[in-house]
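The values are calculated or read from the model by the stated rules, or taken from the named source; none is laboratory data. Fair warning: this is a prediction, and the values are worked out from it, not measured in the lab. Virtual Cβ from ideal backbone geometry, glycine too; neighbours counted across all protein chains shown.
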There are 2 protein chains.
Amino acid sequence: MYKAKVIVKRKLSILDPQGTAVEKGAVNLGLKNIKHTRIGKFIEFSVDVNSKEEAKNEVEKYCSKLLANPIMEDFEYTLEEVDET
Amino acid sequence: MYKAKVIVKRKLSILDPQGTAVEKGAVNLGLKNIKHTRIGKFIEFSVDVNSKEEAKNEVEKYCSKLLANPIMEDFEYTLEEVDET
């Protein structure tokens with residue numbers, strides 16, 4: 001069994017209005033040194049297969065077909081083997 | 001200047017309906033080995049201060065007052081010094 005951690009970020013060329021909005025909130029709280037906030041997704045899940053190769057395959061399909069929108073977003077992931085419990 | 005990377009996750013005791021929904025999509029795509037999907041946020045920003053202490057302060061305020069809801073979510077972060085550019 002493998003544990004996958006995925007980070008999905010908007011591509012740098014794509015505006016991030018949510019980040020901009022949250023950052024305005026920061027200024028209102030008096031946090032004036034916070035800049036360039038960008039908000040993405042962090043996804044964790046387990047992949048119940050025996051080889052790293054299979055795990056990679058499933059993770060990449062999952063990311064590119066469901067978790068990320070490949071037109072606007074990039075993804076990166078880490079895979080870690082864990083004991084079945 | 002520091003670069004902060006924050007991960008915000010729901011506490012384990014809190015259900016994650018978004019994760020459950022996306023995982024049903026995975027099953028429909030034929031990815032039957034994906035389990036326990038949980039979706040959180042990944043936030044990147046810079047903190048324009050000179051000491052790590054100040055940076056930590058700002059990041060913790062930003063996280064606990066805006067980025068995470070401390071009732072349902074936990075956050076963790078890393079801080080890395082970068083050259084001003």
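Some points to look at:
- Number of positions in segment B:1-31 that are outside any helix (DSSP H, G or I), of a type outside the set (A, V, I, L, M, F, W, C) and farther than 25 Å from B:TYR77 by Cβ: 1
- For B:LEU66, the requirement of being among the aliphatic types (A, V, I, L, M) and either assigned to a loop (DSSP other than H, G, I, E, B) or out of contact with any Gly (no Cβ under 6 Å at 6 or more places or on another chain) (or both) is not met.
- Applying the set (1) within 27 Å of A:ALA55 (Cβ to Cβ); (2) touching a strand residue (DSSP E or B) at 6+ places or on another chain (Cβ under 8 Å); (3) within 8 Å of chain A (Cβ to nearest Cβ); (4) of a type outside the set (Gly, Ala, Ser) to B:VAL6 leaves exactly one unmet item: (3).
- Any chance B:ASN33 is more than 7 Å from every other protein chain (Cβ to nearest Cβ) and either modelled with pLDDT of 95 or more or out of contact with any Phe, Trp or Tyr (no Cβ under 8 Å at 6 or more places or on another chain) (or both): no
- Flag for A:LYS61 being among the basic types (Lys, Arg), within 11 Å of another protein chain (Cβ to nearest Cβ) and surrounded by 17 or more Cβ atoms within 10 Å (Cβ to Cβ): no
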